[in-house]
Structure formats: structure tokens, C-alpha cells
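Engineer: Quick one: structure below, then a few questions.
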Amino acid sequence: MKNIILIAPPGAGKGTQANMLEEKLNMLHISIGDLLRNEVNKKTELGKSLEVRMQTGKLVDDEIIFEVLKTYLKNVDLSHGIIFDGFPRNINQAIMLDSLDIKIDSAIYLDVPKSVLESRILGRQTCPKCNTGYNSNFTNMKPKIENICDKCGSELTVRHDDTKEVFEKRYETYINETQPVLEFYKNKKILFNINSLDKEEIFNIIIKIIDNTLPVEGI
Ligand code: AMP
């Protein structure tokens, strides 16, 4: 099976695509953001400091990220392939990933304009129970009953960092620290650029990349 990385600014749909791949291909979806949020929910000392950091829209220190990732990797089945969602987010993390015994087959860049990202982020809602995503800013993505999950009836939640102010900071962090990672994978000739906004179309392109039916292209 293949191991892939999804690289994109906040709100581009990395999590949505990773969830679809996990469901359809049984791949392992590793969202560093979710692992960090789990730690925050446990209200440990580490969790409390993470919460403060994440609320600023800046990256969490690489040492903490490596520790969280390595601990997680020890207890999971990697044999069906991995989708890294939100990692690596800077060059140092990309180098660290190279040092693990995990071969990366493709790095996929989801290219979405900032104005679209902003409306997605500011309307984003998630079901805490079944993880289904909704968006109150898009008619076709609203839940049938306001704030209630269509699938399991739970009350939807909003991420604490999905505010206009934190979005601006996260976007700036993305441009300054994460965008250079694209060059890193372009040089390795495993970078793919997708600039569709349609989630099914993006998913089909990713499947073709995983199946090796698309030629290698840089951006
Ligand atoms: P995400 O859920 O991917 O949008 O991440 C939410 C927040 O978690 C980010 O704004 C960062 O503060 C932190 N975070 C997630 N992944 C990483 C990473 N690979 N390196 C550093 N910080 C991260």
C-alpha cells in the first residue's frame, strides 16, 4: 500500500479527503491536529500548553510533534498505507519524516484560494461523535437541522481556532513555514498539485495518484 502526505492551507479539505480515503481504502489517517486536540481534551499539563499555543495559530514545537507522532506510530497498523494530514508542516519535520522507516510515495498539494478557505473555516462544524463535517456557509453542506448531525443526531461543535483572527495567523504560518515543504517534495519528484474545489473530483484525482495512473508532475 501507499503512504501519502496531504499538504494544504487551513480549510483546504485535507481532513475531508483523508476521512474519505480512510473509509474507502482502509488507509490509516494520521491527523496531527486531532492527536493534539485529544491531548488538549485530556486536560493534562501538556494539553493545557498545547491549547494556548494552538489558539495563537502558530505551530507547536517540533520536539512535541515528533514525540506525539512516534508514540502514536508504535501502536497502529501501518500495513494498509498512511495518509499524513497536517504533517510535515515545516522543512525540519519533512527531514524528520525522512529519517523514519516510512517511504513516502506522493505528496499532494491542495491549492485553494484564500477567500474560499476563509468562508469554509468560518462556517465549519463537526460532529464530535461520528466525525462528520458540515459547513453553515454552504447551502449544500449545512446540516438538515441547525447544529445537529444528520447521521447520529449529536450536537455539532466548532473548533476553538476557527475564528477570523486565528485563521489569519494560521494562514500566515502556512505561507511562511509550510509552503516551502512543497519545494522539498518537488525536488524529490513526488509532488502533485490539485487545484479543483470539488471534493469528489479531488478524491478521484487522489485515487489515480495512489494507483499510479497519473504521471508525476511538479508545480
Ligand atoms: P490542524 O488540525 O491540522 O488544522 O492543526 C491545528 C493546529 O495544531 C495548528 O494550527 C497547529 O497549532 C497545530 N499543529 C497541527 N499539526 C502540526 C504540525 N505538524 N506541527 C506543528 N503544529 C501542528
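The values are calculated or read from the model by the stated rules, or taken from the named source; none is laboratory data. Just so it is clear, the structure is predicted and the values come from calculations on it, not from any experiment. Ideal geometry is used to build each Cβ from the backbone, glycine not excepted, and the neighbour counts take in all protein chains shown. Please note that ligands, DNA and RNA were not included when accessible areas were found on the heavy atoms of the full protein model with its side chains. Shrake-Rupley method; radii C 1.70, N 1.55, O 1.52, S 1.80 Å.
Engineer: Please state which one of ILE121, ILE145 is β-branched (Val, Ile, Thr) and without any contact (Cβ under 8 Å) to a residue 24 or more places away in the chain.
Structural biologist: ILE145
Engineer: Among residues belonging to the stretch 18-52 that are among the acidic types (Asp, Glu) and more than 11 Å from the ligand (Cβ to nearest atom), point out the one that is least open to solvent (accessible area, probe 1.4 Å).
Structural biologist: GLU22
Engineer: Conditions: (1) more than 20 Å from the chain's Cα centre (by Cα); (2) within 16 Å of the ligand (Cβ to nearest atom). THR126 meets all but one. Number of the miss?
Structural biologist: (1)
Engineer: I've got another one for you. Working carefully through the options SER99, SER106, SER154, find the one that is modelled with pLDDT under 95, among the polar types (S, T, N, Q) and more than 23 Å from MET54 (Cα to Cα).
Structural biologist: SER99
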